[in-house]
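This report refers to the structure that appears directly beneath it.
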Amino acid sequence: MAGLIGICCKTTGLGGGARPDAIDLPGVDDGGEVRTLRAPKKAYIPSDGNPYRVPLFQFQSLAKIEYVLMPEIALQVVLKSEQTNNSTLPILAGPVDLVRSTEYVGRTTVSFIAPQEKFALGWGTDANMRVQRTQSQKREKNHLTQWNTITNTVSIFLSNIGDEDRKITMTERVSVSELEKVKIEVVQDETSDRIQPDLNGFCNWNLHLPPYSQAKVILVYKIAAAPDVEGL
């Protein structure tokens, strides 16, 4: 779904896509030009040692809004928005106050965001979602090849205790091997929706939880290593 978000803020972004009018801003050391951000009107700043904010510019952007979950990092469902810096000026790195409608909901930070560049913001956790993650391992050794195999089973339990539907994008990570002596594969027959990881090892599920419902997702993957590989 899409929403309209107004942002006024004083980590690098997600890129500008294929827009032909995107502005490339190289660094000063790379031959780029110096940019001056000028306030639209004079500001009175008391000399009391406290920080004060001076408005520089504002813009509006259509935003892609979704609920995301990364159980390996945090057992919380987070509301995420992805929008574009539609201003002709860059957003400088620093803190961002988050306001939904007229209510202050928290604070986050951004890095330098160039004009026409996409960037993401986290808008806090969903209090109606409960998440539990468990992980188990099983170690085996092939007596013929002497290869060691570790079978990892990750189970994620979700509960929607609210009265609204939730569509959640969930991501789990599988290690990626760069060695011929270490092979890693997801066991499709035992993994929910027969998901396979992408090139970076990320497994993504699109989950739909009706009100007062529960869901369970299982990820099973094996790590096989030659007998002379240590540290697994």
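The values are calculated or read from the model by the stated rules, or taken from the named source; none is laboratory data. Please read these numbers as outputs of a predicted model, since none were measured by experiment. Virtual Cβ from ideal backbone geometry, glycine too; neighbours counted across all protein chains shown.
What to note about this one:
- In the stretch 109-141, the residues that are polar (S, T, N, Q) and either within 30 Å of residue 159 (Cβ to Cβ) or part of a loop (DSSP other than H, G, I, E, B) (or both): 111, 116, 125, 128, 132, 134, 135, 136, 137
- Within this structure, residue 75 passes the test of being in a loop (DSSP other than H, G, I, E, B) and in contact with a strand residue (DSSP E or B) (Cβ under 9 Å, 6 or more places away or on another chain).
- For residue 144, the requirement of being in the same structural domain as residue 213 (by TED's automatic domain parsing) and part of a loop (DSSP other than H, G, I, E, B) is met.
- Scanning the stretch 193-217 for residues that are buried (at least 17 other Cβ atoms within 10 Å of the Cβ) and within 14 Å of residue 156 (Cα to Cα) turns up 203, 205, 207, 209, 215, 217.
- Qualifying position, being under 23 Å from residue 56 (Cβ atoms), modelled with pLDDT of 90 or more and within 19 Å of the chain's Cα centre (by Cα), among 68, 110: 110
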